[in-house]
1. Take the residues in the range 86-101 that are touching a residue at least 40 places away in the same chain (Cβ under 8 Å) and part of a helix (DSSP H, G or I), then tell me which one is surrounded by the fewest Cβ atoms within 10 Å (Cβ to Cβ).
2. Name the single residue, out of those in the range 45-79 being charged (D, E, K, R) and part of a helix (DSSP H, G or I), that is farthest from Asp29 (Cα to Cα).
3. Among the residues of the range 30-63, count how many are over 25 Å from Phe159 (Cα atoms) and either crowded, with 17+ Cβ neighbours inside 10 Å or at pLDDT 90 or above (or both).
4. Exactly one of these conditions fails for Asp94: (1) modelled with pLDDT of 95 or more; (2) within 22 Å of Val204 (Cβ to Cβ). Give me its number.
5. Going by what's in this entry, would Val142 be described as modelled with pLDDT of 95 or more, within 15 Å of the chain's Cα centre (by Cα) and farther than 21 Å from Cys47 by Cα?
6. Among the residues in the range 102-110, are any of a type in the set (Asp, Glu) and surrounded by 17 or more Cβ atoms within 10 Å (Cβ to Cβ)?
Amino acid sequence: MPIARRTLDFMQSVLKVYGPSKIKKVLWDKEFSSTKWDFIDDTTGDCVYPHLEKFARNGSILDLGCGPGNTANEVADTAYTTYVGVDISQAALDKAEKRTKESGRSAKNTFALSDFLGYAPTQDFDVILFRESMYHVPFGQVRTILDKYSAHLKPGGVFIVRLYAGDIKTGEIKHRVTSKMDLIKREFDIVEVAEYDTPGRPTVLIFRPRAKN
């Protein structure tokens, strides 16, 4: 790949994490309007679904960084009653809403256009999901964001974070990712940790705010 292309890709990756919401929206809309993310259109059988189905308790799910509606339409229909998906890209949400109509879940699934870092929920949830969106939370904001959303967990509710600890192609550990996992393990009450021995070592963390003394 030419150096100029690598430089541009790196700059865009940085902007999608640290840039202003308006710039992030433009970048994500451009990508979801193209074929770049078509390869994730079907993630049936993803390792996060059994955990989500277990802890949703036929209740409510908030999916932060929901993308084109995979979780909203692939998790078992019987696992939840209400689902709210939040994404900064209208192009992604257009796909999510189309899939929701096709799957017959329009009465259960709703979507909100917002940078999830600044989203303000209007209800509490049994599960708050960061499926892979935790990649896009700067390390210095991880605790702040989780503390913010802790106020919107129902009693007994949990966060679920799903990340690849390693590179899918090379297997090399991503230390910027594992450092976020380590922070969560230090600062929150861990309910379950599941590590899968497949490319990229996908890891699912289930946790809740630490009880105050």
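1. Gln90
2. This residue is Lys54.
3. 2
4. So the condition that Asp94 fails would be (2).
5. Criteria met by Val142.
6. No.
The values are calculated or read from the model by the stated rules, or taken from the named source; none is laboratory data. Computed from a prediction, not measured in an experiment: that's the story for all the values here. Note that each Cβ is placed from the backbone with ideal geometry, even for glycine, and that neighbours are counted across all protein chains shown.
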